[in-house]
Amino acid sequence: MGSLRKSIDRFLDDRAPAIPRAELPLAKRLAMLAQHGDFSLAYSTATQPLLSYFGDENGYVAFQTMMGRHYALADPVVGEANRAALINRFVEIADSPWFVQIGEASAKILSGLGYQVSRIGFDTRLSLPAHDFSGKPNETVRYSERWLVKKGFTLTEDKGGLVDADEVRRLSDEWRAGRIVKRREMAFLNRPFPILPGPGMRRFVLLDPDRKLTALLDFDPIYKDGKAVGYTTAFKRKLADATPHAEIGLTKFAVDQFRGEGVASVTLGLSPLADTAPSGFPESTFWRGAFGRAFDSKLVNRHRFNLQGQAAFKRRFHGTEEPAYIAFRRGTASGMLALLRLLKAI
C-alpha cells in the first residue's frame with residue numbers, strides 16, 4: 001500500500017506546475033535569513049530538509065509539493081520592499097499555491113490576489129523587557145521555577161558539551177514514546193529534532209539533583225538587519241515522568257536570560273487551530289468552521305494531537321496572541337487532505 005501511495009504521489013507531483021528551483025546553498029540562505037528572518041518560522045524555512053526554494057539573491061519562498069499541489073511554508077524571507085513582487089511571481093508560476101502559517105503582511109497581499117485567508121491559530125509573543133513575569137497572573141510561572149530550584153534541579157543554558165548527544169537522544173526517544181501518535185512527528189511546520197543545535201540556536205536544559213537530563217528547550221533565532229533580535233521556541237523534550245513544573249520553569253528561566261541580554265522578544269510558537277475567529281479577510285466559512293470543530297474535538301485531542309493542551313500551556317505566560325493565517329484560492333477537500341499528509345497529521 002505504501003509503495004502504491006508513493007507511486008500515485010509521484011504521478012501527481014509530475015503533473016504539478018513546474019517551478020524553477022533557486023540554487024541557494026545553506027550558507028546563502030543563512031545570510032538572507034540574518035537580514036530578513038524576522039518571524040518565528042524563518043529559521044526553519046532556511047534549515048529544514050526536503051524544502052525547495054523559489055526566488056533569487058533578494059529573497060526566497062520555501063515550499064514543498066504534495067499530491068500535485070505546492071505549499072509555501074510561512075512568509076517569504078525577503079525585504080519588505082520586495083515581498084509583494086516575490087509573492088506575485090510565485091503565485092503566478094506555481095498556479096495558486098497554498099500559503100501556510102503566514103503573518104498579516106503576507107495575508108494582505110494574498111487577499112488582494114483573490115485568495116481566501118483564514119486563521120489557523122496564534123503565535124504567542126513575549127515583548128521584552130516589558131514582559132517580566134511579575135504580578136498575580138504569572139504567579140504560577142514563578143512558582144514553577146522556585147519549586148525546581150528548591151528541589152535541587154539545575155536550570156542552565158548548554159553552550160556546548162554540558163549534555164552529551166547520547167543523553168539528548170535518549171531523552172528524545174522517551175519523549176517520542178509518550179506521544180499520542182508515536183510512529184511519526186509532525187512535519188513541514190516542524191522540522192526534524194536536531195541532536196546538536198544548528199547555527200545560532202540556543203539550548204536550555206533542566207538537570208535533576210543527580211545531574212540527569214530531565215528536559216530541554218531549543219530556541220531558533222529571529223533576525224533583523226544582521227542581528228538576532230529575538231528567539232522562538234523550536235523544540236521541547238522532557239522525560240515522561242518529569243514534574244509538570246519542568247517545562248514551565250525552564251521556559252521562564254530562558255526568557256529571563258534573553259531579557260537580561262537585551263533581546264527584544266521571545267515567541268512560543270504556533271497554537272494550532274486555537275481561536276479561529278473571523279480573519280478580517282475574505283475567507284471560507286466552511287473551513288473556518290472545520291478548524292474550530294477540530295480544535296474542540298475530543299477525538300482529535302485524545303488521539304491525534306493535543307491542540308487544546310498546546311494553547312493552554314502557552315496562555316500560562318500571558319503574552320500577546322498574534323494570529324497566524326492560511327491562504328488558498330481553491331480550498332478543496334483534496335487540497336486540505338494533501339496538506340494534512342504533508343504535515344504528517346494523518
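Every read-out reported here was derived from the displayed coordinates using simple, explicitly stated rules and does not represent laboratory data. Remember, predicted model here, so these are calculated numbers, not experimental data. Cβ: placed from backbone, ideal geometry, glycine included. Neighbour counts: every protein chain shown.
Near Met66, the amide H atoms lying under 5 Å from its own belong to Tyr71; only residues 5 or more places off or on other chains count, and H is placed 1.01 Å from N.
Counting only residues at least eight positions apart within a chain, or on another chain, the lysines with an alpha carbon under 18 Å from that of Lys6 are Lys344. Sequence-ordered 3J(HN,Hα) estimates for region 235-242 from the Karplus curve with 6.51, -1.76 and 1.60 and θ = phi - 60° stand at 9, 9, 9, 7, 5, 4, 9, 5 Hz, glycine and proline given as x.
Taking neighbour Cβ counts within 10 Å as the exposure measure, how do Met66, Met201 sort from fewest upward?
Working: Met66 21, Met201 17.
Lowest to highest Cβ neighbour count: Met201, Met66.
So if I take the centroid of the Cα atoms in region 291-346 and the same for region 223-258, what is the distance between those two points in Å? Between the Cα centre of region 291-346 and that of region 223-258, the gap is 22 Å. If the chain linking Val229 and Leu162 were pulled fully straight, counting 0.36 nm for each residue of separation and taking away their Cα-Cα distance, it would gain 21.6 nm. Placing dummy labels 7 Å off each Cα toward the beta-carbon, the span from Ala105 to Asp56 is 2.0 nm. For the chain, the longest principal axis of the Cα atoms and the long axis of helix 80-94 meet at an angle of about 50 degrees.
Quote the FRET efficiency, to the nearest 0.05, computed for Met186 versus Ala312 with a Förster distance R0 of 22 Å and r equal to the Cβ-Cβ distance. Spell out each step's value before the answer.
Working: r = 18 Å, r/R0 = 0.83.
Efficiency computed from Cβ-Cβ geometry: 0.75.
Here the calculated FRET efficiency for Leu26 and Arg5, from their Cβ-Cβ distance with R0 = 41 Å, stands at 0.85, rounded to the nearest 0.05.
Report the one residue of Ser127, Leu162, Tyr231 whose Cα lies farthest in the direction of the positive end of the charge dipole of the chain (charges on C-beta: Lys and Arg +1, Asp and Glu -1; origin at the Cα centre). The listed residue farthest towards the positive side: Leu162. Against the main long axis of the alpha-carbon atoms of the chain, helix 139-150 sits at an angle near 50°.
Computed 3J(HN,Hα) for region 102-116, one whole-Hz value per residue from the Karplus formula 6.51 cos²θ - 1.76 cosθ + 1.60 where θ = phi - 60°, is 9, x, 5, 4, 5, 4, 4, 5, 5, 4, x, 9, x, 7, 8, glycine and proline marked x. Extension gain, Tyr143 to Asp275: 0.36 nm times the residue separation minus the Cα-Cα distance gives 44.7 nm.
With each run of n ≥ 4 DSSP H residues scored as -39500 (n - 2.57), what mean residue ellipticity at 222 nm is computed for the chain after dividing by its residue count and rounding to the nearest 500 deg cm²/dmol?
Values: 12 runs with 132 residues, N = 346.
One gets -11500 deg cm²/dmol as the mean residue ellipticity at 222 nm.
Going down the list Lys212/Lys314; Lys150/Lys212; Lys108/Lys298; Lys136/Lys159, which pairs span over 24 Å between their C-alpha atoms? Beyond 24 Å: Lys212/Lys314; Lys108/Lys298; Lys136/Lys159.
Pair-distance distribution P(r) for the chain, from all Cα-Cα distances in 20 Å bins starting at 0: 29, 60, 11, 0 percent.
Summing +1 for each Lys or Arg and -1 for each Asp or Glu among the other residues whose beta-carbon sits under 9 angstrom from that of Tyr53 gives +1.
Evaluating 6.51 cos²θ - 1.76 cosθ + 1.60 at θ = phi - 60° for every residue in region 40-53, the Karplus couplings come out as 4, 8, 4, 4, 5, 5, 7, 10, 6, x, 6, 6, 10, 9 Hz, glycine and proline recorded as x.
Based on the Cβ-Cβ distance of Asp13 and Asp296, what FRET efficiency does E = 1/(1 + (r/R0)^6) give at R0 = 35 Å, to the nearest 0.05?
Values: r = 34 Å, r/R0 = 0.97.
After rounding, the FRET efficiency stands at 0.55.
Put a plus charge on the Cβ of each Lys and Arg, a minus charge on the Cβ of each Asp and Glu, and nothing anywhere else: the dipole of region 45-149 about its Cα centre is then about 340 debye.
A convex hull fitted around the alpha carbon atoms of region 129-263 yields 130 Å³ per residue. Between 0 and 90 degrees, the angle of helix 285-296 with respect to the longest Cα principal axis of the chain falls at about 20 degrees. Rounded to the nearest 20 debye, the dipole size of the chain about its Cα centre is 1080 debye, using +1 on the Cβ of Lys and Arg and -1 on the Cβ of Asp and Glu.
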